[in-house]
Every structure is written in structure tokens, then in C-alpha cells.
Amino acid sequence: MAKAFWIDQDFDRERYGRYAVNVEKNLAEFEWGDIAPVRFACAAWGLAIPPSLSPGYVRWDRRILDASCERNTWDGTLTARVRMVSPLPEELTRSRAWWRDRGWQGWQELFGQYVEPAQQDLARSPFLRATLLVEAPVPLDDLPPEPEGPYDRVEESAERALVVLVRELNALVTPILDQLG
């Protein structure tokens, strides 16, 4: 069972702690003075994934297209949003009557990664690419408290927040990816 998300500490270590450097350079991304760790954890996540870091400090399964963490505006909790490649629904695969020799294309792969079709591809044939969107609350229990300010070991707290987020996202998403095969 492969994990959906992981922290690439080896690559980061080889690059002299580039995540910590990215956090230090982008302290303005963090908002201070919140008793809940949500905004801090969301900012830490945003600095660990592309395009902020490429390749990301947090990596994910090739079937995951994007993943974000957001503060829920209703109650301030943390919501994860994960969009992933999916097979077509069974209703579409049972029969190809809808196909009508139009040359429908699905997900294209480039070097093992699923990619959006280029404009020239869209000009030649129709595409039908199924995705799943997971939107789920993430428990806050194990998230580190928000640092008191920009000089209060922010890098360490950000890394601890990522460990918790990766663990919780794996609990949510890995079983789905396993079921999809």
C-alpha cells in the first residue's frame, strides 16, 4: 500500500533545507495572533507544494492533481481539498453508444504524470477526463500551536504542521487510491 502523500526530506536535505529557507523568505505569508493553528498550517502547506517549491517538499501520488488546505469560513476549521484522476464512471464504460466515433480521449500521461491536454490537442479531438474531489475536515488535535511571531521557531512549527497534515491526508486519501487501483 503506497501512501498518497509524503515529505521528501532526502531531496530537501540535499538542497540544504530549502523548505526552511522558503518559510524564512516568506514569513509574510503567515498571519500572527490566532489561537487556532489553522491559518498557520494552511500557510505552511502552501509553502511546501508547487508552485512555491518545485519539486514540492510535500509530494503526492501521480494520480493526485492538486491538494490544498483552507480555513473553513463557517467555523474556522481546516478543510482539505484533494483533486485526483479517476476512471470513467461505470455508466459510461458499460456502453460506447455515446462515443459515436468522435475519437474521445481520456487522461494523457507524460513521463508517468497525468497532464491536461494542450490547446492543439483540444482542437483535434474531444476529451473526457474524470476526476474526484475530496473535501474533508482535518482534525486539529495534533497540529502545533501557531508561533507567537515571525522569530519563534517558525520553520520547526511549519515542518511539524506538515507531518500532521500529511498523516491526516494519507488517512483520508490513501484508501481511495487503493480502491481505484
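The values are calculated or read from the model by the stated rules, or taken from the named source; none is laboratory data. These numbers come from a predicted model, not from an experiment. Note that each Cβ is placed from the backbone with ideal geometry, even for glycine, and that neighbours are counted across all protein chains shown.
Numbers at a glance
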quantity	calculated
Subset tally (residues that are more than 15 Å from Phe5 (Cα to Cα) and at pLDDT 95 or above) for the range 45-57	1
Only one of Leu65, Leu47, Leu78 that is closer than 19 Å to Leu143 by Cα, touching a Lys or Arg at 6+ places or on another chain (Cβ under 8 Å) and in contact (Cβ under 8 Å) with a residue 12 or more places away in the chain	Leu78
Members of the range 128-155 found to be without any contact (Cβ under 8 Å) to a residue 12 or more places away in the chain and closer than 23 Å to Thr73 by Cα, listed by number	Asp141
Answer residue from the range 2-19, given it is over 19 Å from the mean Cα position of the chain (by Cα) and not charged (D, E, K, R) and is surrounded by the most Cβ atoms within 10 Å (Cβ to Cβ) among those	Gly17
